[in-house]
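The structure appears below as structure tokens.
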Amino acid sequence: MSGTYLGMPAFPVAARRAVGDATLRGNLRHATHTIRAKRAKAVAEVSDWAELREAGKRIKDHTLRHLDRYLVRLEESVTAAGGVVHWAADADEANEIVTRLVRMTGESEVVKVKSMATQEIGLNEALEAAGIRAYETDLAELIVQLGRDRPSHILVPAIHRNRGEIRDIFRDEMGEWGRPAPDGLTDSPAELAEAARLHLREKFLRAKVGISGANFMVAETGTMVVVESEGNGRMCLTLPETLISVVGIEKVVPTFRDLEVFLQTLPRSSTAERMNPYTSTWTGTTDGDGPSAFHLVLLDNGRTDTLADEVGRQALRCIRCSACLNVCPVYERAGGHAYGSVYPGPIGAILSPQLRGTGSEIDASLPYASSLCGACYEVCPVAIDIPEVLVHLRERVVQGGPVTRDGNKVVVRPAKGHAAERAAMRAARWAFARPGALRSGQRLASRTRRFHPRSLPGPGRAWSATRDLPAVPAEPFRDWWQRTHGGNRDKGAGE
């Protein structure tokens, strides 16, 4: 990825600051609980949800196992339909390709459909450095852009803002980007939406270049699919003369029929709708209909390296529904900015450290941004076992070991600050391998229980600062069992 947000601290530090913001916590609590309840109701309507979930998982796993074959098929299909395919190994290469394509049109501004991939690579900033202005057209992305803010949610980037804050942003900033907000604008949702519509309308009608991502790419036909709820995507995908789509290589599916599964699970898991209001599909170019030039930029940016990890690769199944964020108790309290990535929440905690590596302080902290409660796995429509990957990545952070970076096998060193944890695990391994020593340690702990501190000293203080130390029983289990059952074991078995 293009890197963490500039100046972002490790997750525990950022989360501590966020938890102290009462307004932020209130905004997040209200929004996530509302979306969560609506999603549960929408999913309950489908009698075969478990089967759809399993089908989505299998389609994704099959595609990832044969990703090389399906990507070549996709390129052939897109090219045959009149499109041009570009391959980008990393963020810099993707930004260079898009910048060059925009410059070839002679235009200095573009309109954009909401796209996590373009946020991941920092495309807006790269275009700005080249003298090209990018206008976000999704309502929430518009709020973030006008507020000079950062997205904090995969589906609802401005979830951390309330209506009053949005009104102030529109009133103060819209005029610098185009049509100003109407006089006397209130925080009524209808008025805010109308102000955004009027502001964006002139951009839709003027722009010659559109930039998008894609929710899915069909290898069989070369078809791109974008699902959205506002109609801004349809405008960006059909009105400009040139369309450039930047899409992660994991978004490919083998056949058009596979969409049957995902177009049922994605809207219910994301917006709690039975189907998306706008499902746009396009295949290459067609004379007199839509853009006359279509470019597809296939983005790797760490995805091939992630694919090489047998446990971590399941993160590439993600269809960006954001259901895991809405049920996560950690995200609900800390918010998305604390994750230091465009991918916040549970999925970000496993995806970002794989795409970027665990070398930075914040990426090394992300696998710990979870209570391991498992709620994220329960709601995932493609059955990503996020807790399993979190534990896998924690082991990598603490122990280091072999990983794939830029296609090469390398050995990463353990992250700093985990020496005490490694020592504790080695001591536990030694004790568990020696029953006599374990039994003696348990007896000693029980006999000295009245002298045990309520919090751990030294490095352990970070653990016990937010948890109660479990009380040591008055008698070890083995001694209790021997005293109460051990002597009668043979007699009980024969009764």
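The values are calculated or read from the model by the stated rules, or taken from the named source; none is laboratory data. Fair warning: this is a prediction, and the values are worked out from it, not measured in the lab. Neighbour counts are summed over all protein chains in view; Cβ atoms, including those assigned to glycine, are modelled from backbone coordinates with ideal geometry. Note: accessible area is taken over every heavy atom of the protein model, side chains too, but ligands, DNA and RNA are not part of it. Shrake-Rupley method; radii C 1.70, N 1.55, O 1.52, S 1.80 Å.
Among the DSSP beta bridges whose two residues both lie in the chain, what percent are antiparallel, rounded to the nearest 5? Can you show the working numbers first?
Working: 15 of 39 bridges.
Here the antiparallel bridges make up roughly 40 percent for the chain.
What are the trypsin sites (Lys or Arg not before Pro) within the stretch 394-425 that DSSP puts in a loop, where the Cβ has at most 15 other Cβ atoms within 10 Å? Mind showing how you got there, number by number?
On the way: sites: 394, 396, 405, 409, 416, 422; in loops: 416.
Those that pass, being in a loop and sparsely packed, are 416.
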Cysteines, the chain, no other Cys beta-carbon under 4.7 Å: 236, 318, 321, 328, 373, 380
Added length on full extension, which subtracts the Cα-Cα distance from 0.36 nm per residue, residue 260 to residue 201: 18.0 nm
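Could you state the accessible area per residue of the stretch 55-111 in Å², with a 1.4 Å probe and every protein chain left in place? Walk me through the numbers before you get to the answer.
On the way: 2890 Å² over 57 residues.
In whole numbers, the stretch 55-111 has 51 Å² accessible per residue.
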Backbone HN-Hα couplings from phi across the stretch 249-257 [Karplus 6.51/-1.76/1.60, Hz, Gly and Pro as x]: 5, 7, 7, 6, 10, x, 10, 4, 5
For residue 412, residues with placed amide H under 5 Å, excluding near neighbours: 401, 403
Label-point separation, residue 104 to residue 472 (7 Å along Cα→Cβ), nm: 7.1
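Could you tell me which of rounded, prolate or oblate describes the stretch 261-329, using a ≥ b ≥ c as the square roots of the eigenvalues of the alpha-carbon gyration tensor, with rounded for a/c under 1.5 and, failing that, prolate when a/b is larger than b/c and oblate otherwise?
On the way: a/c = 3.13, a/b = 1.27, b/c = 2.47.
Oblate, since a/c reaches 1.5 and b/c is not below a/b.
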Net charge over other residues, Cβ less than 13 angstrom from the Cβ of residue 454 (K, R count +1; D, E count -1): +3
Quotient of Cα Rg and 2.2 N^0.38 Å for the stretch 336-495, N being how many residues it contains: 1.39
Residues with amide H under 5 Å from that of residue 135, placed H, sequence gap 5 or more: 110, 111, 112
Cα→Cβ-extended label distance, 7 Å offset, between residue 128 and residue 66, nm: 4.4
Among 462, 368, 427 the positive-end extreme of the charge dipole of the stretch 352-469 (Cβ point charges): 427
Table column - 3J(HN,Hα) (Hz), the stretch 320-329, Karplus curve with 6.51, -1.76, 1.60, x for Gly and Pro: 6, 7, 6, 4, 5, 5, 6, 10, 7, x
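Treating only the Cβ of Lys, Arg, Asp and Glu as charged (+1, +1, -1, -1), what charge dipole size does the chain show about its Cα centre? Round to the nearest 20 debye.
In debye, rounded to 20, the chain gives about 2880.
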Solvent-accessible area per residue for the stretch 371-495 (1.4 angstrom probe, square angstrom): 73
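Could you work out how much longer the chain between residue 46 and residue 287 gets when fully extended? Use 0.36 nm per residue separation minus the Cα distance between them, nm to one decimal.
Details: separation 241, 0.36 × 241 = 86.76 nm, distance 4.03 nm.
Extending this stretch completely gives an extra 82.7 nm.
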Proximal charge balance of residue 304 [Cβ under 12 Å; K/R count +1, D/E count -1]: -4
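Mind listing which chymotrypsin sites (Phe, Trp or Tyr not before Pro) in the stretch 383-476 are in a DSSP loop and have 13 or fewer other Cβ atoms within 10 Å? Could you put the intermediate results ahead of the total?
On the way: sites: 430, 432, 451, 463; in loops: none.
Taking the stretch 383-476 and a limit of 13 other Cβ atoms within 10 Å, no loop chymotrypsin sites (Phe, Trp or Tyr not before Pro) are found.
Using only DSSP helix segments of four residues or longer, with each worth -39500 (n - 2.57), what per-residue ellipticity at 222 nm results for the chain after dividing by its residue count and rounding to 500? Provide the component values of the computation, followed by the final result.
Details: 24 runs with 247 residues, N = 495.
Mean residue ellipticity, 222 nm, calculated: -15000 deg cm²/dmol.
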Distance between modelled label sites at residue 168 and residue 484, nm, 7 Å Cα→Cβ extension: 6.0
Principal axis dimensions, largest first and in whole angstrom, of the chain by Cα: 89, 54, 46
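So what's Rg/Rh here for the stretch 91-241, counting alpha carbon atoms and using the Kirkwood radius for Rh? Let's see the in-between values first.
Values: Rg = 15.5 Å, Rh = 16.1 Å.
For the stretch 91-241, the value is 0.96.
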Accessible area in square angstrom per residue, the stretch 206-365, 1.4 angstrom probe: 29
The stretch 38-51 - phi-based ³J(HN,Hα) in whole Hz, Karplus 6.51/-1.76/1.60, Gly and Pro as x: 5, 5, 4, 5, 5, 5, 5, 6, 9, 6, 10, 4, 4, 5
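Provide the FRET efficiency to the nearest 0.05 for the residue 30-residue 434 pair, computing r from the beta carbons and using R0 = 45 Å. It would help to have the intermediate numbers written out before the result.
Details: r = 53 Å, r/R0 = 1.18.
For R0 = 45 Å, the calculated efficiency reads 0.25.
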Within the accessible area of the chain (1.4 Å probe), percent carbon and sulfur: 52
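For the stretch 344-400, would you read off the P(r) tail past 15 Å as a percentage of all alpha carbon pairs?
40
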